[in-house]
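K.L.:
Following this message is one structure expressed as C-alpha coordinates.
The values are calculated or read from the model by the stated rules, or taken from the named source; none is laboratory data. As the structure is a computational prediction, the values presented were derived from the model and not from experiment. As a convention, Cβ positions derive from the backbone with ideal geometry for all residues, glycine included, and neighbour counts pool all protein chains shown.
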Ligand code: SF4
(Lines give C-alpha, C1' and ligand atoms only; values in the text may rest on other atoms or scores of the structure.)
Protein backbone atom coordinates (compact mmCIF):
# COMPACT_ATOMS: atom_id res chain seq x y z
CA UNK A 1 0.00 0.00 0.00
CA UNK A 2 1.21 3.50 -0.74
CA UNK A 3 1.28 5.98 2.09
CA UNK A 4 2.52 9.26 0.78
CA UNK A 5 2.27 12.25 3.02
CA UNK A 6 4.34 15.00 1.47
CA UNK A 7 6.12 16.01 -1.70
CA UNK A 8 9.48 15.11 -0.12
CA UNK A 9 8.34 11.54 0.28
CA UNK A 10 7.20 11.44 -3.30
CA UNK A 11 10.65 12.45 -4.45
CA UNK A 12 12.15 9.70 -2.30
CA UNK A 13 9.90 7.15 -3.92
CA UNK A 14 10.64 8.56 -7.43
CA UNK A 15 6.99 8.39 -8.43
CA UNK A 16 4.98 10.45 -10.83
CA UNK A 17 3.26 12.97 -8.65
CA UNK A 18 0.28 13.44 -10.97
CA UNK A 19 -0.43 9.69 -11.06
CA UNK A 20 -0.33 9.54 -7.28
CA UNK A 21 -2.68 12.49 -6.92
CA UNK A 22 -5.00 10.96 -9.49
CA UNK A 23 -5.14 7.72 -7.49
CA UNK A 24 -5.75 9.63 -4.26
CA UNK A 25 -8.47 11.57 -5.95
CA UNK A 26 -10.18 8.60 -7.63
CA UNK A 27 -10.27 6.74 -4.34
CA UNK A 28 -11.71 9.71 -2.49
CA UNK A 29 -14.34 10.34 -5.17
CA UNK A 30 -15.66 6.77 -5.18
CA UNK A 31 -15.94 6.78 -1.40
CA UNK A 32 -17.14 10.31 -0.73
CA UNK A 33 -19.04 11.76 -3.64
CA UNK A 34 -22.76 11.87 -2.94
CA UNK A 35 -25.30 10.37 -5.32
CA UNK A 36 -26.66 13.73 -6.44
CA UNK A 37 -23.21 14.99 -7.50
CA UNK A 38 -22.43 11.71 -9.27
CA UNK A 39 -25.65 11.99 -11.25
CA UNK A 40 -25.06 15.66 -12.07
CA UNK A 41 -21.56 14.84 -13.31
CA UNK A 42 -22.82 11.99 -15.47
CA UNK A 43 -25.52 14.16 -17.05
CA UNK A 44 -22.94 16.85 -17.85
CA UNK A 45 -20.14 14.59 -19.14
CA UNK A 46 -17.79 15.25 -16.24
CA UNK A 47 -15.76 12.08 -15.90
CA UNK A 48 -15.24 10.33 -12.59
CA UNK A 49 -12.57 7.65 -12.89
CA UNK A 50 -12.44 4.41 -10.95
CA UNK A 51 -9.18 3.95 -9.00
CA UNK A 52 -6.58 1.48 -10.35
CA UNK A 53 -5.47 0.58 -6.84
CA UNK A 54 -7.50 0.66 -3.65
CA UNK A 55 -6.26 2.98 -0.94
CA UNK A 56 -8.44 2.83 2.18
CA UNK A 57 -7.80 6.37 3.40
CA UNK A 58 -6.42 9.07 1.18
CA UNK A 59 -5.92 12.63 2.39
CA UNK A 60 -7.68 14.10 -0.67
CA UNK A 61 -10.59 15.50 1.36
CA UNK A 62 -8.31 17.35 3.80
CA UNK A 63 -7.65 20.92 2.76
CA UNK A 64 -4.57 21.15 4.99
CA UNK A 65 -3.05 18.29 3.01
CA UNK A 66 -3.73 20.18 -0.22
CA UNK A 67 -2.02 23.25 1.18
CA UNK A 68 0.96 21.25 2.38
CA UNK A 69 1.34 19.48 -0.96
CA UNK A 70 1.00 22.35 -3.40
CA UNK A 71 3.89 23.07 -5.74
CA UNK A 72 5.86 26.03 -4.48
CA UNK A 73 9.22 27.62 -5.17
CA UNK A 74 10.75 24.77 -3.17
CA UNK A 75 9.65 22.15 -5.71
CA UNK A 76 11.20 23.58 -8.84
CA UNK A 77 12.48 20.18 -9.99
CA UNK A 78 8.99 18.72 -9.93
CA UNK A 79 7.61 21.82 -11.63
CA UNK A 80 10.14 21.54 -14.48
CA UNK A 81 9.49 17.81 -14.86
CA UNK A 82 5.77 18.50 -15.37
CA UNK A 83 5.79 21.76 -17.31
CA UNK A 84 8.29 21.02 -20.04
CA UNK A 85 7.78 24.37 -21.79
CA UNK A 86 9.73 26.03 -18.98
CA UNK A 87 12.75 23.74 -19.43
CA UNK A 88 14.50 26.04 -21.88
CA UNK A 89 13.72 29.08 -19.71
CA UNK A 90 15.03 27.59 -16.49
CA UNK A 91 17.38 30.44 -15.60
CA UNK A 92 14.78 33.07 -16.39
CA UNK A 93 12.25 31.17 -14.28
CA UNK A 94 14.64 30.87 -11.34
CA UNK A 95 15.27 34.60 -11.43
CA UNK A 96 11.52 35.30 -11.58
CA UNK A 97 10.82 33.00 -8.66
CA UNK A 98 13.27 34.91 -6.45
CA UNK A 99 10.41 37.35 -5.83
CA UNK A 100 7.37 35.37 -6.98
CA UNK A 101 5.31 33.09 -4.71
CA UNK A 102 4.57 30.02 -6.86
CA UNK A 103 1.56 28.02 -5.75
CA UNK A 104 -0.19 25.22 -7.64
CA UNK A 105 -2.62 23.09 -5.68
CA UNK A 106 -2.80 19.31 -6.29
CA UNK A 107 -6.24 19.36 -7.93
CA UNK A 108 -5.08 21.96 -10.46
CA UNK A 109 -2.14 19.79 -11.52
CA UNK A 110 -4.74 17.33 -12.85
CA UNK A 111 -6.36 19.93 -15.11
CA UNK A 112 -4.64 19.94 -18.53
CA UNK A 113 -5.83 23.48 -19.42
CA UNK A 114 -7.26 24.91 -16.21
CA UNK A 115 -3.76 24.73 -14.69
CA UNK A 116 -2.54 27.47 -17.07
CA UNK A 117 -4.07 29.99 -14.70
CA UNK A 118 -1.42 29.17 -12.10
CA UNK A 119 1.70 29.04 -14.29
CA UNK A 120 4.02 32.00 -13.79
CA UNK A 121 3.98 34.49 -16.65
CA UNK A 122 7.56 35.56 -16.94
CA UNK A 123 6.90 38.64 -19.04
CA UNK A 124 3.91 39.94 -17.09
CA UNK A 125 4.40 43.39 -15.64
CA UNK A 126 1.97 43.69 -12.73
CA UNK A 127 -0.51 46.55 -12.88
CA UNK A 128 -0.46 48.18 -9.49
CA UNK A 129 -3.85 48.44 -7.78
CA UNK A 130 -6.00 48.17 -10.94
CA UNK A 131 -9.25 48.47 -9.00
CA UNK A 132 -8.14 51.37 -6.83
CA UNK A 133 -8.68 49.55 -3.53
CA UNK A 134 -5.63 51.24 -2.02
CA UNK A 135 -6.45 54.79 -3.15
CA UNK A 136 -6.54 57.19 -0.23
CA UNK A 137 -9.89 58.67 -1.28
CA UNK A 138 -11.51 55.20 -1.21
CA UNK A 139 -10.01 53.85 2.02
CA UNK A 140 -11.29 54.11 5.59
CA UNK A 141 -8.55 54.02 8.22
CA UNK A 142 -8.16 54.21 11.98
CA UNK A 143 -5.27 55.66 13.94
CA UNK A 144 -4.36 53.63 17.01
CA UNK A 145 -1.20 54.00 19.08
CA UNK A 146 0.34 56.25 16.43
CA UNK A 147 -0.20 53.72 13.62
CA UNK A 148 -2.56 54.13 10.67
CA UNK A 149 -4.58 50.96 10.24
CA UNK A 150 -6.48 49.88 7.13
CA UNK A 151 -10.16 49.10 7.81
CA UNK A 152 -11.86 48.87 4.43
CA UNK A 153 -12.14 50.15 0.91
CA UNK A 154 -15.34 52.06 0.24
CA UNK A 155 -16.00 53.70 -3.09
CA UNK A 156 -18.05 56.88 -3.13
CA UNK A 157 -21.79 56.28 -2.58
CA UNK A 158 -21.38 52.50 -2.76
CA UNK A 159 -23.70 50.43 -0.57
CA UNK A 160 -20.81 48.02 0.04
CA UNK A 161 -17.67 47.88 2.12
CA UNK A 162 -14.78 45.89 0.65
CA UNK A 163 -12.41 45.06 3.49
CA UNK A 164 -9.14 43.35 2.56
CA UNK A 165 -8.18 40.92 5.30
CA UNK A 166 -4.65 40.05 6.25
CA UNK A 167 -4.93 36.34 5.54
CA UNK A 168 -1.35 35.41 6.42
CA UNK A 169 -0.06 37.00 9.64
CA UNK A 170 -0.81 40.57 8.60
CA UNK A 171 0.05 39.84 4.97
CA UNK A 172 -2.35 39.78 2.03
CA UNK A 173 -1.74 36.14 1.19
CA UNK A 174 -3.33 33.61 -1.17
CA UNK A 175 -2.24 30.03 -1.90
CA UNK A 176 -4.55 29.72 -4.92
CA UNK A 177 -1.67 31.08 -6.99
CA UNK A 178 -3.37 32.84 -9.93
CA UNK A 179 -0.52 34.26 -12.02
CA UNK A 180 -2.68 37.22 -13.07
CA UNK A 181 -3.98 37.94 -9.55
CA UNK A 182 -5.50 41.40 -9.29
CA UNK A 183 -3.71 41.82 -5.96
CA UNK A 184 -0.57 40.22 -7.42
CA UNK A 185 1.81 42.76 -5.92
CA UNK A 186 0.78 41.51 -2.49
CA UNK A 187 -0.22 37.88 -3.06
CA UNK A 188 2.43 36.83 -5.55
CA UNK A 189 5.24 39.31 -4.89
CA UNK A 190 4.79 39.65 -1.13
CA UNK A 191 4.65 43.45 -1.06
CA UNK A 192 2.87 45.05 1.89
CA UNK A 193 -0.48 46.74 1.40
CA UNK A 194 0.18 50.47 1.18
CA UNK A 195 -2.02 53.50 0.90
CA UNK A 196 -1.74 55.37 -2.43
CA UNK A 197 -2.16 59.10 -1.92
CA UNK A 198 -3.84 61.40 -4.44
CA UNK A 199 -0.40 62.59 -5.61
CA UNK A 200 0.49 58.89 -6.29
CA UNK A 201 3.02 58.64 -3.45
CA UNK A 202 2.68 55.65 -1.15
CA UNK A 203 2.22 55.56 2.61
CA UNK A 204 2.78 52.63 4.93
CA UNK A 205 -0.42 51.25 6.39
CA UNK A 206 -1.02 48.43 8.87
CA UNK A 207 -3.45 45.55 8.72
CA UNK A 208 -5.09 44.78 12.07
CA UNK A 209 -5.88 41.21 12.97
CA UNK A 210 -9.15 40.35 11.15
CA UNK A 211 -11.39 40.26 14.24
CA UNK A 212 -10.14 43.64 15.49
CA UNK A 213 -10.44 45.01 11.95
CA UNK A 214 -14.10 43.97 11.83
CA UNK A 215 -14.75 45.39 15.33
CA UNK A 216 -13.24 48.78 14.42
CA UNK A 217 -15.00 48.80 11.07
CA UNK A 218 -18.38 48.10 12.66
CA UNK A 219 -17.81 50.99 15.08
CA UNK A 220 -17.11 53.35 12.15
CA UNK A 221 -20.02 51.90 10.21
CA UNK A 222 -22.54 52.43 13.02
CA UNK A 223 -21.33 55.99 13.46
CA UNK A 224 -20.96 57.26 9.89
CA UNK A 225 -22.29 54.94 7.14
CA UNK A 226 -26.02 54.16 7.54
CA UNK A 227 -26.42 53.75 3.74
CA UNK A 228 -24.02 50.80 3.58
CA UNK A 229 -25.79 47.45 4.04
CA UNK A 230 -23.45 44.97 2.36
CA UNK A 231 -19.91 43.88 3.18
CA UNK A 232 -17.60 41.87 0.90
CA UNK A 233 -14.59 40.36 2.67
CA UNK A 234 -11.65 40.01 0.36
CA UNK A 235 -7.93 39.27 0.60
CA UNK A 236 -5.72 37.49 -0.49
CA UNK A 237 -7.76 34.49 0.42
CA UNK A 238 -10.08 35.18 3.37
CA UNK A 239 -10.71 31.47 3.84
CA UNK A 240 -7.12 30.92 4.94
CA UNK A 241 -8.34 32.22 8.27
CA UNK A 242 -9.43 29.35 10.44
CA UNK A 243 -12.96 28.77 11.71
CA UNK A 244 -12.24 30.30 15.14
CA UNK A 245 -11.24 33.59 13.56
CA UNK A 246 -14.31 33.52 11.32
CA UNK A 247 -16.46 32.94 14.38
CA UNK A 248 -14.91 36.08 15.89
CA UNK A 249 -15.60 38.06 12.70
CA UNK A 250 -19.23 36.90 12.67
CA UNK A 251 -19.63 37.88 16.32
CA UNK A 252 -18.40 41.40 15.56
CA UNK A 253 -20.68 41.69 12.51
CA UNK A 254 -23.69 41.06 14.73
CA UNK A 255 -23.03 44.51 16.27
CA UNK A 256 -23.54 46.29 12.96
CA UNK A 257 -26.76 48.32 12.91
CA UNK A 258 -27.06 48.47 9.13
CA UNK A 259 -25.78 45.18 7.72
CA UNK A 260 -28.20 43.09 5.65
CA UNK A 261 -25.82 41.09 3.49
CA UNK A 262 -22.39 39.63 3.92
CA UNK A 263 -20.18 38.19 1.17
CA UNK A 264 -16.84 36.38 1.07
CA UNK A 265 -14.73 36.75 -2.06
CA UNK A 266 -12.83 33.49 -2.48
CA UNK A 267 -10.95 31.29 -4.92
CA UNK A 268 -11.19 28.25 -2.64
CA UNK A 269 -14.38 26.73 -4.07
CA UNK A 270 -13.35 26.42 -7.72
CA UNK A 271 -9.59 27.01 -7.73
CA UNK A 272 -8.39 24.10 -5.66
CA UNK A 273 -9.62 24.07 -2.07
CA UNK A 274 -13.35 23.21 -2.11
CA UNK A 275 -12.70 21.08 1.00
CA UNK A 276 -12.14 24.30 2.95
CA UNK A 277 -15.94 24.52 3.21
CA UNK A 278 -15.99 21.95 5.97
CA UNK A 279 -19.15 21.08 7.88
CA UNK A 280 -18.20 23.22 10.86
CA UNK A 281 -17.69 26.32 8.71
CA UNK A 282 -20.92 25.82 6.76
CA UNK A 283 -22.84 25.29 10.00
CA UNK A 284 -21.36 28.50 11.44
CA UNK A 285 -22.56 30.45 8.41
CA UNK A 286 -25.95 28.80 8.53
CA UNK A 287 -26.38 29.56 12.26
CA UNK A 288 -25.34 33.17 11.69
CA UNK A 289 -27.90 33.58 8.91
CA UNK A 290 -30.65 31.95 10.94
CA UNK A 291 -29.95 34.05 14.03
CA UNK A 292 -29.45 37.42 12.35
CA UNK A 293 -31.43 37.30 9.09
CA UNK A 294 -28.31 38.55 7.27
CA UNK A 295 -27.88 37.06 3.81
CA UNK A 296 -24.61 35.26 3.10
CA UNK A 297 -23.11 34.94 -0.35
CA UNK A 298 -19.92 33.40 -1.66
CA UNK A 299 -18.36 35.39 -4.52
CA UNK A 300 -16.44 32.56 -6.13
CA UNK A 301 -13.60 33.09 -8.59
CA UNK A 302 -13.73 30.67 -11.59
CA UNK A 303 -12.09 30.84 -15.02
CA UNK A 304 -12.25 27.58 -16.91
CA UNK A 305 -14.68 24.67 -17.43
CA UNK A 306 -12.11 22.31 -15.88
CA UNK A 307 -12.50 24.22 -12.61
CA UNK A 308 -16.03 22.78 -12.33
CA UNK A 309 -14.83 19.60 -10.66
CA UNK A 310 -16.99 16.95 -8.97
CA UNK A 311 -15.52 18.16 -5.66
CA UNK A 312 -16.47 21.79 -6.35
CA UNK A 313 -19.97 20.74 -7.42
CA UNK A 314 -20.52 18.75 -4.24
CA UNK A 315 -19.32 21.49 -1.87
CA UNK A 316 -21.21 24.15 -3.82
CA UNK A 317 -24.39 22.11 -3.43
CA UNK A 318 -23.75 21.88 0.32
CA UNK A 319 -23.53 25.67 0.50
CA UNK A 320 -26.74 26.05 -1.47
CA UNK A 321 -28.47 23.53 0.78
CA UNK A 322 -27.45 25.69 3.75
CA UNK A 323 -29.14 28.71 2.18
CA UNK A 324 -25.90 30.35 1.07
CA UNK A 325 -25.92 31.85 -2.39
CA UNK A 326 -22.97 31.38 -4.76
CA UNK A 327 -22.00 34.18 -7.11
CA UNK A 328 -19.37 32.96 -9.59
CA UNK A 329 -17.16 35.67 -11.08
CA UNK A 330 -15.09 34.98 -14.15
CA UNK A 331 -12.11 37.12 -15.13
CA UNK A 332 -11.34 37.05 -18.84
CA UNK A 333 -7.67 36.08 -18.97
CA UNK A 334 -5.27 35.55 -21.87
CA UNK A 335 -4.17 31.95 -22.41
CA UNK A 336 -6.80 30.62 -20.00
CA UNK A 337 -10.19 31.53 -21.44
CA UNK A 338 -9.29 34.23 -23.94
CA UNK A 339 -7.09 34.35 -27.05
CA UNK A 340 -6.90 37.66 -28.83
CA UNK A 341 -6.48 35.90 -32.21
CA UNK A 342 -9.11 33.19 -31.74
CA UNK A 343 -12.41 34.70 -30.66
CA UNK A 344 -14.32 31.53 -31.59
CA UNK A 345 -12.28 29.52 -29.09
CA UNK A 346 -13.11 32.08 -26.40
CA UNK A 347 -16.80 31.81 -27.21
CA UNK A 348 -16.62 28.02 -26.94
CA UNK A 349 -14.77 27.93 -23.59
CA UNK A 350 -16.74 30.69 -21.91
CA UNK A 351 -20.04 29.24 -23.09
CA UNK A 352 -19.08 25.84 -21.73
CA UNK A 353 -18.16 27.38 -18.38
CA UNK A 354 -21.43 29.30 -18.08
CA UNK A 355 -23.40 26.24 -19.15
CA UNK A 356 -21.70 23.95 -16.65
CA UNK A 357 -22.34 26.31 -13.77
CA UNK A 358 -26.00 26.43 -14.70
CA UNK A 359 -26.54 22.75 -15.38
CA UNK A 360 -24.40 21.16 -12.64
CA UNK A 361 -24.72 23.47 -9.64
CA UNK A 362 -27.71 25.44 -10.85
CA UNK A 363 -26.12 28.90 -10.58
CA UNK A 364 -25.16 31.58 -13.05
CA UNK A 365 -22.05 33.66 -13.44
CA UNK A 366 -22.73 37.00 -11.85
CA UNK A 367 -19.85 38.82 -13.42
CA UNK A 368 -17.40 38.63 -16.25
CA UNK A 369 -14.44 40.86 -15.47
CA UNK A 370 -12.07 42.27 -18.02
CA UNK A 371 -8.50 41.15 -17.28
CA UNK A 372 -7.22 43.62 -14.71
CA UNK A 373 -3.67 43.29 -16.01
CA UNK A 374 -4.81 45.02 -19.23
CA UNK A 375 -3.81 42.27 -21.66
CA UNK A 376 -7.17 41.85 -23.39
CA UNK A 377 -8.59 44.56 -25.59
CA UNK A 378 -11.88 46.00 -24.50
CA UNK A 379 -13.08 45.74 -28.11
CA UNK A 380 -12.43 41.98 -28.47
CA UNK A 381 -13.95 41.32 -25.05
CA UNK A 382 -17.18 43.14 -25.93
CA UNK A 383 -17.33 41.21 -29.23
CA UNK A 384 -17.08 37.88 -27.33
CA UNK A 385 -19.71 39.03 -24.84
CA UNK A 386 -21.97 39.83 -27.77
CA UNK A 387 -21.42 36.38 -29.33
CA UNK A 388 -21.91 34.46 -26.08
CA UNK A 389 -24.72 36.45 -24.50
CA UNK A 390 -26.10 39.55 -26.12
CA UNK A 391 -27.33 37.70 -29.19
CA UNK A 392 -29.59 35.37 -27.17
CA UNK A 393 -28.72 32.60 -29.61
CA UNK A 394 -27.37 29.17 -28.78
CA UNK A 395 -27.38 29.90 -25.04
CA UNK A 396 -30.31 29.76 -22.71
CA UNK A 397 -30.98 32.61 -20.32
CA UNK A 398 -30.42 30.16 -17.45
CA UNK A 399 -26.67 30.55 -17.95
CA UNK A 400 -26.47 34.20 -18.91
CA UNK A 401 -24.07 36.18 -16.69
CA UNK A 402 -25.76 39.07 -15.00
CA UNK A 403 -23.06 41.58 -15.91
CA UNK A 404 -19.79 42.20 -17.71
CA UNK A 405 -17.72 44.70 -15.76
CA UNK A 406 -14.52 46.58 -16.04
CA UNK A 407 -13.01 47.56 -12.74
CA UNK A 408 -11.66 51.07 -12.66
CA UNK A 409 -9.34 52.75 -10.20
CA UNK A 410 -11.58 55.83 -10.27
CA UNK A 411 -13.77 56.34 -7.26
CA UNK A 412 -16.92 55.97 -9.41
CA UNK A 413 -16.13 52.26 -9.43
CA UNK A 414 -17.18 49.41 -11.73
CA UNK A 415 -18.62 49.99 -15.14
CA UNK A 416 -20.93 47.44 -16.72
CA UNK A 417 -20.57 46.95 -20.46
CA UNK A 418 -22.72 45.54 -23.23
CA UNK A 419 -22.70 45.39 -27.01
CA UNK A 420 -24.31 48.83 -26.96
CA UNK A 421 -21.23 50.25 -25.26
CA UNK A 422 -19.55 50.13 -28.69
CA UNK A 423 -21.93 52.87 -29.83
CA UNK A 424 -21.03 55.17 -26.96
CA UNK A 425 -17.28 54.62 -26.60
CA UNK A 426 -14.88 57.27 -27.86
CA UNK A 427 -11.59 55.71 -28.92
CA UNK A 428 -8.23 57.39 -29.36
CA UNK A 429 -5.17 55.59 -30.76
CA UNK A 430 -1.89 56.98 -29.42
CA UNK A 431 0.80 55.40 -31.59
CA UNK A 432 3.64 57.35 -30.05
CA UNK A 433 2.99 55.93 -26.56
CA UNK A 434 1.65 52.61 -27.89
CA UNK A 435 -1.60 52.92 -26.00
CA UNK A 436 -5.29 53.17 -26.80
CA UNK A 437 -7.57 55.36 -24.69
CA UNK A 438 -11.30 54.91 -24.42
CA UNK A 439 -13.71 57.41 -22.98
CA UNK A 440 -16.83 55.69 -21.75
CA UNK A 441 -19.95 57.27 -20.27
CA UNK A 442 -20.41 56.16 -16.66
CA UNK A 443 -23.87 56.02 -15.02
CA UNK A 444 -22.48 58.42 -12.38
CA UNK A 445 -22.95 61.01 -15.20
CA UNK A 446 -19.23 61.37 -15.86
CA UNK A 447 -16.92 60.16 -18.63
CA UNK A 448 -14.35 57.67 -17.39
CA UNK A 449 -11.12 56.81 -19.16
CA UNK A 450 -9.85 53.30 -19.76
CA UNK A 451 -6.36 52.76 -21.19
CA UNK A 452 -4.91 49.60 -22.74
CA UNK A 453 -1.77 48.69 -24.73
CA UNK A 454 -1.95 49.18 -28.48
CA UNK A 455 -1.95 45.86 -30.36
CA UNK A 456 -1.60 45.84 -34.15
CA UNK A 457 -4.71 44.56 -35.89
CA UNK A 458 -6.69 44.42 -32.63
CA UNK A 459 -7.22 48.01 -31.49
CA UNK A 460 -4.88 50.11 -33.65
CA UNK A 461 -7.49 51.49 -36.01
CA UNK A 462 -10.75 53.38 -35.39
CA UNK A 463 -12.25 51.36 -38.25
CA UNK A 464 -12.18 48.26 -36.00
CA UNK A 465 -14.62 49.91 -33.61
CA UNK A 466 -16.88 50.85 -36.51
CA UNK A 467 -16.81 47.32 -37.96
CA UNK A 468 -17.65 45.74 -34.58
CA UNK A 469 -20.80 47.83 -34.31
CA UNK A 470 -22.29 46.18 -37.37
S1 LIG B 1 -7.94 33.54 -5.85
FE2 LIG B 1 -8.07 35.79 -5.95
S3 LIG B 1 -6.66 36.56 -4.37
FE4 LIG B 1 -6.15 34.38 -4.76
S5 LIG B 1 -4.50 34.43 -6.25
FE6 LIG B 1 -6.44 34.21 -7.37
S7 LIG B 1 -7.06 36.31 -7.89
FE8 LIG B 1 -5.50 36.44 -6.28
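K.L.:
Can you pull out every residue in the stretch 159-184 that is surrounded by 19 or more Cβ atoms within 10 Å (Cβ to Cβ) and either outside the structural domain of residue 247 (by TED's automatic domain parsing) or more than 20 Å from residue 268 (Cα to Cα) (or both)?
P.N.:
161, the sole residue that qualifies.
K.L.:
Check 53, 46 and return the single one that is touching a residue at least 12 places away in the same chain (Cβ under 8 Å), crowded, with 16+ Cβ neighbours inside 10 Å and not assigned by TED's automatic domain parsing to the domain that holds residue 237.
P.N.:
Only one candidate qualifies: 46.
K.L.:
Sort out which residues of the stretch 180-191 are more than 6 Å from the ligand (Cβ to nearest atom) and over 11 Å from the mean Cα position of the chain (by Cα), and write them in order of number. Give the steps one after another, and end with the answer.
P.N.:
Initially, the stretch 180-191 is screened for residues more than 6 Å from the ligand (Cβ to nearest atom), giving 180, 184-186, 188-191.
184, 185, 186, 188, 189, 190, 191 - these are the residues of the stretch 180-191 that are more than 6 Å from the ligand (Cβ to nearest atom) and over 11 Å from the mean Cα position of the chain (by Cα).
K.L.:
While we're on this one: Quick check, is residue 162 closer than 22 Å to residue 217 by Cα, within 14 Å of the ligand (Cβ to nearest atom), at pLDDT 95 or above and under 21 Å from the mean Cα position of the chain (by Cα)?
P.N.:
When the stated conditions are applied, residue 162 passes them.
K.L.:
Got at least one residue in the stretch 307-320 being crowded, with 24+ Cβ neighbours inside 10 Å and within 15 Å of residue 401 (Cα to Cα)?
P.N.:
No.
K.L.:
Further, regarding this structure: Among the residues of the stretch 192-208 satisfying the criterion of being within 16 Å of the ligand (Cβ to nearest atom) and within 22 Å of residue 373 (Cα to Cα), which is surrounded by the fewest Cβ atoms within 10 Å (Cβ to Cβ)?
P.N.:
Taking the stretch 192-208 as the starting set, the residues that turn out to be within 16 Å of the ligand (Cβ to nearest atom) are 192-193, 207.
When the remaining residues are screened for being within 22 Å of residue 373 (Cα to Cα), the result is 192-193.
Values: 192: 15, 193: 22.
Applying the filter and picking the extreme gives 192.
K.L.:
Let me ask another. Within the stretch 131-148, identify whether any single residue is part of a loop (DSSP other than H, G, I, E, B), away from the ligand (no atom under 13 Å from the Cβ), at pLDDT below 95 and within 28 Å of residue 302 (Cβ to Cβ), and answer yes or no.
P.N.:
Yes, the stretch 131-148 contains a residue that is part of a loop (DSSP other than H, G, I, E, B), away from the ligand (no atom under 13 Å from the Cβ), at pLDDT below 95 and within 28 Å of residue 302 (Cβ to Cβ).
K.L.:
Consider residue 393 carefully, then state whether it is outside any loop (DSSP other than H, G, I, E, B), at pLDDT below 95 and more than 16 Å from residue 440 (Cβ to Cβ).
P.N.:
On the way: outside any loop (DSSP other than H, G, I, E, B): no; at pLDDT below 95: yes; more than 16 Å from residue 440 (Cβ to Cβ): yes.
So residue 393 does not fit the description; no.
K.L.:
Tell me, which strands (runs of 3 or more DSSP E) lie completely within the stretch 417-470 with 2 or more residues that are closer than 24 Å to residue 126 by Cβ?
P.N.:
Counting at least 2 such residues, we get 435-442, 446-453.
K.L.:
Quick one: which of 344, 325, 311 is in contact (Cβ under 8 Å) with a residue 12 or more places away in the chain, farther than 26 Å from residue 25 by Cβ and more than 16 Å from the ligand (Cβ to nearest atom)?
P.N.:
On the way: 344 fails: in contact (Cβ under 8 Å) with a residue 12 or more places away in the chain; 311 fails: farther than 26 Å from residue 25 by Cβ.
Exactly one of 344, 325, 311 is in contact (Cβ under 8 Å) with a residue 12 or more places away in the chain, farther than 26 Å from residue 25 by Cβ and more than 16 Å from the ligand (Cβ to nearest atom), namely 325.
K.L.:
Further, regarding this structure: Could you look through the stretch 231-253, keep only residues that are touching a helix residue (DSSP H, G or I) at 6+ places or on another chain (Cβ under 8 Å) and assigned to a loop (DSSP other than H, G, I, E, B), and pick out the one that is farthest from the ligand (Cβ to nearest atom)?
P.N.:
241
K.L.:
Further question on the same structure: Any residue at all in the stretch 22-45 that's more than 25 Å from the chain's Cα centre (by Cα), modelled with pLDDT under 95 and over 21 Å from residue 273 (Cα atoms)?
P.N.:
Checked the stretch 22-45: no residue is more than 25 Å from the chain's Cα centre (by Cα), modelled with pLDDT under 95 and over 21 Å from residue 273 (Cα atoms).
K.L.:
Ok, one more. More than 19 Å from the chain's Cα centre (by Cα) and modelled with pLDDT under 95: is that true of residue 287 in this structure?
P.N.:
Details: more than 19 Å from the chain's Cα centre (by Cα): yes; modelled with pLDDT under 95: no.
Considered against the rule, which asks whether it is more than 19 Å from the chain's Cα centre (by Cα) and modelled with pLDDT under 95, residue 287 comes out as no.
Each row is one residue, and each column tells you yes or no for (1) outside the structural domain of residue 268 (by TED's automatic domain parsing); (2) closer than 12 Å to residue 179 by Cα; (3) without any contact (Cβ under 8 Å) to a residue 60 or more places away in the chain.
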{"position": "81", "(1), (2), (3)": "yes, no, yes"}
{"position": "84", "(1), (2), (3)": "yes, no, yes"}
{"position": "90", "(1), (2), (3)": "yes, no, yes"}
{"position": "93", "(1), (2), (3)": "yes, no, yes"}
{"position": "101", "(1), (2), (3)": "yes, yes, no"}
{"position": "105", "(1), (2), (3)": "yes, no, no"}
{"position": "108", "(1), (2), (3)": "yes, no, no"}
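K.L.:
For the condition more than 16 Å from the ligand (Cβ to nearest atom), modelled with pLDDT of 95 or more and under 27 Å from residue 365 (Cα atoms), what is the one hit in 228, 211, 218?
P.N.:
Values: 211 fails: under 27 Å from residue 365 (Cα atoms); 218 fails: under 27 Å from residue 365 (Cα atoms).
Within the list 228, 211, 218, the selection yields 228.
K.L.:
Just to be sure, is residue 278 in the same structural domain as residue 167 (by TED's automatic domain parsing), in contact (Cβ under 8 Å) with a residue 40 or more places away in the chain and surrounded by fewer than 17 Cβ atoms within 10 Å (Cβ to Cβ)?
P.N.:
Details: in the same structural domain as residue 167 (by TED's automatic domain parsing): yes; in contact (Cβ under 8 Å) with a residue 40 or more places away in the chain: yes; surrounded by fewer than 17 Cβ atoms within 10 Å (Cβ to Cβ): yes.
Taking the combined requirement at face value, the residue satisfies it.
K.L.:
Take the conditions buried (at least 17 other Cβ atoms within 10 Å of the Cβ), within 30 Å of residue 29 (Cβ to Cβ) and within 16 Å of the ligand (Cβ to nearest atom) and apply them to residue 296. Does it pass?
P.N.:
Spelling it out, it is not the case that residue 296 is buried (at least 17 other Cβ atoms within 10 Å of the Cβ), within 30 Å of residue 29 (Cβ to Cβ) and within 16 Å of the ligand (Cβ to nearest atom).
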